[in-house]
1. Can you pull out every residue in region 7-53 that is surrounded by fewer than 16 Cβ atoms within 10 Å (Cβ to Cβ), within 17 Å of Ile65 (Cα to Cα) and small (Gly, Ala, Ser)?
2. If Ile65 satisfies all but one of (1) of a type in the set (Val, Ile, Thr); (2) open to solvent by 70 Å² or more (accessible area, probe 1.4 Å); (3) assigned to a loop (DSSP other than H, G, I, E, B), what's the number of the condition it fails?
3. Restricting the first residue to region 30-45 and requiring it to be free of Cβ contacts under 8 Å to residues at least 40 places away in the same chain, which pairs with a second residue that is charged (D, E, K, R) meet a Cβ separation below 8 Å and a spacing of at least six or different chains?
4. Only one of these conditions is not met by Val77: (1) on the phi < 0 side of the Ramachandran plot; (2) out of contact with any Leu (no Cβ under 8 Å at 6 or more places or on another chain); (3) in contact (Cβ under 8 Å) with a residue 24 or more places away in the chain. Which number is it?
5. Would you be able to say whether some residue in region 48-66 is free of Cβ contacts under 8 Å to residues at least 12 places away in the same chain and among the hydrophobic types (A, V, I, L, M, F, W, C)?
Amino acid sequence: MVLITLCVCVCYAGFSYPSEIHNVVQVTPAAYASCSAARPLKVYSNGNSLVRLSRRGTYYFICGIPGHCDAGMKMKVTVR
């Protein structure tokens, strides 16, 4: 008899921001590098966003308000 244990972990990233002046845009690596929100994967705009990170890999987020990402409002999250 073989016992196989599978542990599945789901991570979440929480974002809290004033929705009148910011948002959270999930983007591709290329869009992250160029700070482009033109073709978002997903947009969050309620001011208190919980993003499910359900697979391993790197997720890329920027603020989609013009000029904000260029000013540094961007982050990447790596799930291992």
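The values are calculated or read from the model by the stated rules, or taken from the named source; none is laboratory data. Every value quoted in this text rests on a predicted model; they were computed, and no experiment measured them. Here the Cβ is made from the backbone with ideal geometry for all residues, glycine too, and neighbour counts use every protein chain on show. Heavy atoms of the whole protein, side chains included, go into the accessibility calculation; ligands, DNA and RNA do not. Shrake-Rupley method; radii C 1.70, N 1.55, O 1.52, S 1.80 Å.
1. Of everything in region 7-53, those that are surrounded by fewer than 16 Cβ atoms within 10 Å (Cβ to Cβ), within 17 Å of Ile65 (Cα to Cα) and small (Gly, Ala, Ser) turn out to be Ser16, Ser19, Ala33, Ser34, Ala38, Ser45, Gly47.
2. (2)
3. Ala31/Arg39; Cys35/Asp70; Cys35/Lys74
4. It fails just one condition, (2).
5. Looking for residues that are free of Cβ contacts under 8 Å to residues at least 12 places away in the same chain and among the hydrophobic types (A, V, I, L, M, F, W, C), one finds none in region 48-66, hence no.
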